[in-house]
Protein chains: 2
Amino acid sequence: MARAPQYEWMVPRSWYNIVPDLPKPLPPYLKPNGEPVAPHEFEILFAKELVRQEFSKDRWIQIPTEVRDVYLIWRPTPLLRARRLEALLKTPARIYYKFEGVSPPGSHKPNTAVAQLYYVSREGVQRVTTETGAGQWGSSVAFAASLFGVKATVYMVRASYMQKPYRRVLMELWGAEVVPSPSDRTEAGRKYLAEDPSHPGSLGIAISEAVEDAVRSGAKYVLGSVLNHVLIHQTVIGLEALEQIRYFGDYPDYVVGACGGGSSFSGLFWPFYYEKRAGRAEKDVKFLAVEPAAVPTLTRGEYLYDFGDTAGLTPLIKMHTVGHTYKPPPIHAGGLRYHGCAPTLSLLVEEGEVGAAAYRQTEVFEVARLFAAAEGVVPAPESAHAVKAAVELALKAKREGTPVTILFNMSGHGLLDLSAYEEYLRGAMADAVPTAEELAAHIARARALTPSSGLRG
Amino acid sequence: MARAPQYEWMVPRSWYNIVPDLPKPLPPYLKPNGEPVAPHEFEILFAKELVRQEFSKDRWIQIPTEVRDVYLIWRPTPLLRARRLEALLKTPARIYYKFEGVSPPGSHKPNTAVAQLYYVSREGVQRVTTETGAGQWGSSVAFAASLFGVKATVYMVRASYMQKPYRRVLMELWGAEVVPSPSDRTEAGRKYLAEDPSHPGSLGIAISEAVEDAVRSGAKYVLGSVLNHVLIHQTVIGLEALEQIRYFGDYPDYVVGACGGGSSFSGLFWPFYYEKRAGRAEKDVKFLAVEPAAVPTLTRGEYLYDFGDTAGLTPLIKMHTVGHTYKPPPIHAGGLRYHGCAPTLSLLVEEGEVGAAAYRQTEVFEVARLFAAAEGVVPAPESAHAVKAAVELALKAKREGTPVTILFNMSGHGLLDLSAYEEYLRGAMADAVPTAEELAAHIARARALTPSSGLRG
């Protein structure tokens with residue numbers, strides 16, 4: 001193993017799968033005609049073992065030694081108490097954060113990238129494809145691919161490719177091939193290039209290209225959020241946090257996380273949810289998902305069947321959505337610019353087991369700056385949403401005089417997002433929030449997709 | 001404390017000071033007239049307690065609780081075994097690295113910045129000044145200053161200020177005032193601006209401005225390397241590593257580190273040196289300092305009295321130097337672009353207790369890329385020099401069939417140096433090495449400084 005043995009026992013040996021503990025069965029993935037997608041149909045895109053995990057009802061899934069050995073490069077990640085922030089806020093609340101930014105790519109994403117690349121390599125696959133916006137997910141795939149000797153082709157949104165070269169360099173340094181999207185490599189890409197030779201691209205187009213490339217070439221496609229198997233891999237975060245916060249002699253009243261596709265938040269809260277369901281939680285712990293007001297999936301969206309991607313290539317997924325045709329404003333929290341949300345998390349929000357809140361970009365950066373000055377750790381713009389919610393809970397605790405315990409997920413550091421902070425410091429940051437009419441139109445289009453037959457449950 | 005209690009005991013409670021264990025007394029700091037500088041004369045610039053540490057002959061110096069509490073944000077740092085690299089090199093050597101890149105600013109520098117800012121704040125000082133090149137030291141000072149509520153003014157070399165905005169943003173985010181140097185705030189700055197209104201600046205000029213500002217305003221000046229008190233604070237690195245490598249059931253044959261001013265390498269090797277002197281080392285451990293061929297202080301310089309800065313404002317320091325007038329080529333390892341070397345390390349090199357090696361920029365980046373692909377961690381350009389030397393030792397071990405243990409200091413990550421990696425990947429990186437004539441001329445100028453009287457020892 002890579003890490004000194006005195007840390008080693010703290011890293012979990014199994015991932016936790018929430019599916020058997022959900023209050024209701026998860027609605028199936030559907031084809032546009034309303035028929036459920038069979039597991040083997042996913043195997044065109046994903047490694048067999050990942051498909052097995054996607055549909056698994058096992059509560060615990062063993063972490064392969066090879067994957068755990070890689071985790072030991074940066075795991076266990078620290079659980080820290082934000083004492084200086086507490087003092088600054090003059091709150092009786094105790095604020096803890098789990099810091100996933102110590103991984104080599106700087107976020108929680110490698111928790112699943114490493115697992116996915118391991119299974120892909122074990123099944124003899126030579127190459128994977130994926131898409132990336134600003135590069136958090138793409139760099140985690142490049143990192144994991146280099147460790148398992150698999151080639152990676154990353155379709156990177158052209159606007160980011162041109163304007164944010166550093167994560168591209170990082171991917172290339174790890175040996176990945178980074179292709180500005182739209183590209184002339186795929187039919188989808190050529191279509192958009194024919195329309196506009198300098199098309200800036202979008203995450204939706206990049207997904208289409210990565211999927212088309214994988215299907216045509218026999219490569220596998222790897223995904224960074226939303227699906228069950230991805231979220232399962234992230235539960236190492238919460239399983240460690242459970243142990244760590246008990247070392248402080250504490251237990252959370254609130255577990256808080258930023259929510260785009262839902263993987264970092266689920267990784268933290270699932271294990272606490274398990275304890276609560278099993279009657280083992282020391283408190284009546286509450287869960288709070290935090291999203292950008294610019295992409296208000298959980299707070300202003302609807303629980304509907306919708307496509308997982310923009311182009312409509314994926315199965316229909318029952319989830320909270322603002323409609324796959326909605327174009328999120330260019331906020332800096334690129335990882336939260338997703339029109340939908342993981343089906344497991346959506347179900348729990350719908351059932352009232354998880355709460356949701358939305359904040360505007362500038363108020364999020366204001367708190368991120370406060371946090372950086374107080375605690376020294378610079379939050380990624382995505383993670384800063386969780387910081388904002390934690391601070392709001394701490395201020396509420398102050399007003400009410402209740403010494404609650406708040407635990408949030410600092411899913412990544414912001415050292416590759418300093419241009420966003422510069423914009424904030426210059427006072428040049430914009431806040432865009434969709435109008436009610438705009439949202440209603442996109443949601444109506446998604447609602448129209450709901451198949452009239454074949455629906456279960 | 002910030003960190004979960006199960007880690008807490010691993011972080012040292014005292015720093016180690018090598019001075020009482022040196023094979024010879026350290027030559028004194030001298031004024032240009034040859035008289036030793038008295039401790040109180042340093043108090044114009046530095047906090048009293050730091051001056052006390054500078055001249056201390058105590059072997060152990062207690063770490064204040066307030067400093068240790070901040071260390072607990074990121075300490076203990078991981079000690080990792082580079083098993084994938086070993087396999088790639090097919091070497092019988094075992095390669096370990098201590099990874100200081102997990103600190104919020106991303107390097108070992110806050111180990112001393114936090115200590116210095118604590119003492120400064122305890123003595124009631126409201127503001128510190130310092131200089132920075134690319135920003136590693138400046139950002140660590142900004143980080144520490146924000147935690148202790150002290151203002152920081154950082155004179156940043158203008159060329160870096162313009163071309164490398166991200167560490168500047170980081171410093172501003174932590175509340176520091178960043179001034180492009182030369183500036184119109186100081187006499188020194190105004191002199192250079194009068195010559196050239198768009199003067200690109202240099203580290204030497206920035207030091208002059210920071211020192212002048214501190215002396216005139218009653219602020220204190222903080223320094224990132226070379227002096228004893230700075231190196232003492234870095235020994236938390238080696239003290240942790242001593243414990244950690246024993247958990248692996250191992251002990252190093254070689255302790256390796258990059259060397260600019262000498263602080264990160266000293267922080268790692270001093271505690272192993274202590275064990276060796278005390279007869280407690282499990283092996284006849286060897287020490288190797290690694291420098292850029294572009295600034296070959298230890299390998300081609302001489303052990304002389306020279307100024308610590310370029311402008312000749314500091315006392316004379318007995319050290320290995322290539323001459324304070326030498327202008328290092330613009331290599332990317334900005335932290336190694338120093339004409340001299342810590343006096344303690346210089347003495348040990350002179351006495352043959354520490355070895356030295358120098359490598360060219362491109363061969364260093366070649367190995368950094370190899371390391372990033374094999375281990376996933378992207379080395380800072382400075383740290384990459386240690387990686388290069390470790391790989392050379394591992395290849396030697398392979399040729400000789402000797403299963404030696406190598407420990408090196410990964411003093412920082414390279415996520416804010418990706419433009420340098422881009423240059424390397426493009427094949428556009430230059431190698432500049434000084435000619436023998438060039439070095440001889442600069443060294444001769446330094447030799448002429450040696451005072452003819454008042455020399456001790």
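The values are calculated or read from the model by the stated rules, or taken from the named source; none is laboratory data. Given the structure is predicted, the values throughout are model-derived calculations rather than measurements. All Cβ positions, even for glycine, are placed from backbone atoms using ideal geometry, and neighbour counts span all protein chains on display. SASA here: full protein model, heavy atoms, side chains in, ligands and nucleic acids out. Shrake-Rupley method; radii C 1.70, N 1.55, O 1.52, S 1.80 Å.
If you check A:Ala397 against the conditions, is it more than 14 Å from chain B (Cβ to nearest Cβ), surrounded by fewer than 24 Cβ atoms within 10 Å (Cβ to Cβ) and either in a helix (DSSP H, G or I) or small (Gly, Ala, Ser) (or both)? The answer is yes for A:Ala397.
Collect the residues in the stretch B:346-381 that are touching a Ser or Thr at 6+ places or on another chain (Cβ under 6 Å) and farther than 17 Å from B:Ile95 by Cβ, keeping them in residue-number order.
Within the stretch B:346-381, the subset touching a Ser or Thr at 6+ places or on another chain (Cβ under 6 Å) is B:356, B:358, B:373.
Of everything in the stretch B:346-381, those that are touching a Ser or Thr at 6+ places or on another chain (Cβ under 6 Å) and farther than 17 Å from B:Ile95 by Cβ turn out to be B:Ala356, B:Ala358.
For (1) away from chain A (no Cβ under 14 Å); (2) touching a strand residue (DSSP E or B) at 6+ places or on another chain (Cβ under 7 Å); (3) under 30 Å from B:Pro165 (Cβ atoms), each residue gets a yes or a no:
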| site | (1), (2), (3) |
| --- | --- |
| B:Ala38 | yes, no, no |
| B:Asp58 | yes, no, no |
| B:Ile61 | yes, yes, no |
| B:Asp69 | no, no, no |
| B:Arg81 | no, yes, no |
| B:Glu100 | no, yes, yes |
| B:Pro104 | no, no, yes |
| B:Arg127 | yes, yes, yes |
| B:Thr132 | yes, yes, yes |
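Among the residues of the stretch B:65-86, what is the count of those that are more than 23 Å from B:Asn111 (Cβ to Cβ), touching a residue at least 40 places away in the same chain (Cβ under 8 Å) and out of contact with any Leu (no Cβ under 9 Å at 6 or more places or on another chain)?
Start the filter on the stretch B:65-86 by keeping residues that are more than 23 Å from B:Asn111 (Cβ to Cβ), which leaves B:83-86.
Checking which are touching a residue at least 40 places away in the same chain (Cβ under 8 Å) leaves us with B:84-86.
With out of contact with any Leu (no Cβ under 9 Å at 6 or more places or on another chain) added as a condition, the list becomes B:86.
Qualifying residue count for the region: 1.
Among the residues of the stretch B:174-193, is any within 28 Å of B:Asn409 (Cα to Cα), within 13 Å of chain A (Cβ to nearest Cβ) and more than 17 Å from the chain's Cα centre (by Cα)? Within the stretch B:174-193 (the criterion being within 28 Å of B:Asn409 (Cα to Cα), within 13 Å of chain A (Cβ to nearest Cβ) and more than 17 Å from the chain's Cα centre (by Cα)), the answer is yes, since at least one residue qualifies.
Among the conditions (1) within 14 Å of chain A (Cβ to nearest Cβ); (2) open to solvent by 30 Å² or more (accessible area, probe 1.4 Å), the only one that B:Glu43 does not satisfy is (1). Taking the criterion of being more than 21 Å from the chain's Cα centre (by Cα) and of a type in the set (S, T, N, Q), the residues of the stretch A:144-173 that qualify are A:Ser146, A:Gln163.
Cβ-Cβ under 6 Å, sequence separation 6+ or interchain: first residue in the stretch A:237-248 and within 8 Å of chain B (Cβ to nearest Cβ), partner part of a helix (DSSP H, G or I) and not β-branched (Val, Ile, Thr). Which pairs? Note: pairs meeting the criteria are A:Tyr247/B:Pro5; A:Tyr247/B:Gln6. Looking across the stretch A:370-386, the residues that are part of a helix (DSSP H, G or I) and within 14 Å of chain B (Cβ to nearest Cβ) come down to A:Leu370, A:Phe371, A:Ala372, A:Ala373, A:Ala374, A:Glu375, A:Pro381, A:Ser383, A:Ala384.
All told, A:Lys48 falls short of being open to solvent by 10 Å² or more (accessible area, probe 1.4 Å), basic (Lys, Arg), farther than 16 Å from A:Ala115 by Cα and more than 12 Å from every other protein chain (Cβ to nearest Cβ).
Hey, could you check the stretch A:138-163 for residues that are aromatic (Phe, Trp, Tyr) and open to solvent by less than 10 Å² (accessible area, probe 1.4 Å) and say which is farthest from the other protein chains (Cβ to nearest Cβ)? Let's see the steps before the verdict.
If we filter the stretch A:138-163 for residues that are aromatic (Phe, Trp, Tyr), which is where we start, we get A:143, A:148, A:155, A:161.
Applying the additional criterion that residues be open to solvent by less than 10 Å² (accessible area, probe 1.4 Å) yields A:143, A:155.
Numbers: A:Phe143: 5, A:Tyr155: 19 Å.
By that ranking, first place goes to A:Tyr155.
Among the strands (runs of 3 or more DSSP E) lying completely within the stretch A:255-369, list those that include at least 3 residues that are touching a residue at least 12 places away in the same chain (Cβ under 8 Å) and open to solvent by less than 30 Å² (accessible area, probe 1.4 Å). Spell out how you get there, then give the answer.
Values: elements: A:286-292, A:302-307, A:316-321, A:355-359.
Passing ranges, in order: A:286-292, A:302-307, A:316-321.
Considering only residues in the stretch A:194-224 that are among the polar types (S, T, N, Q) and more than 26 Å from the chain's Cα centre (by Cα), the one that is nearest to A:His108 (Cα to Cα) turns out to be A:Ser217. The residue that is farthest from A:Gly138 (Cα to Cα), among those in the stretch A:406-423 that are within 14 Å of chain B (Cβ to nearest Cβ) and not in a helix (DSSP H, G or I), is A:Leu407.
Within the stretch A:122-137, the residues that satisfy the criterion of being open to solvent by 30 Å² or more (accessible area, probe 1.4 Å) and not in a helix (DSSP H, G or I) are A:Glu123, A:Gly124, A:Gln126, A:Arg127, A:Ala134.
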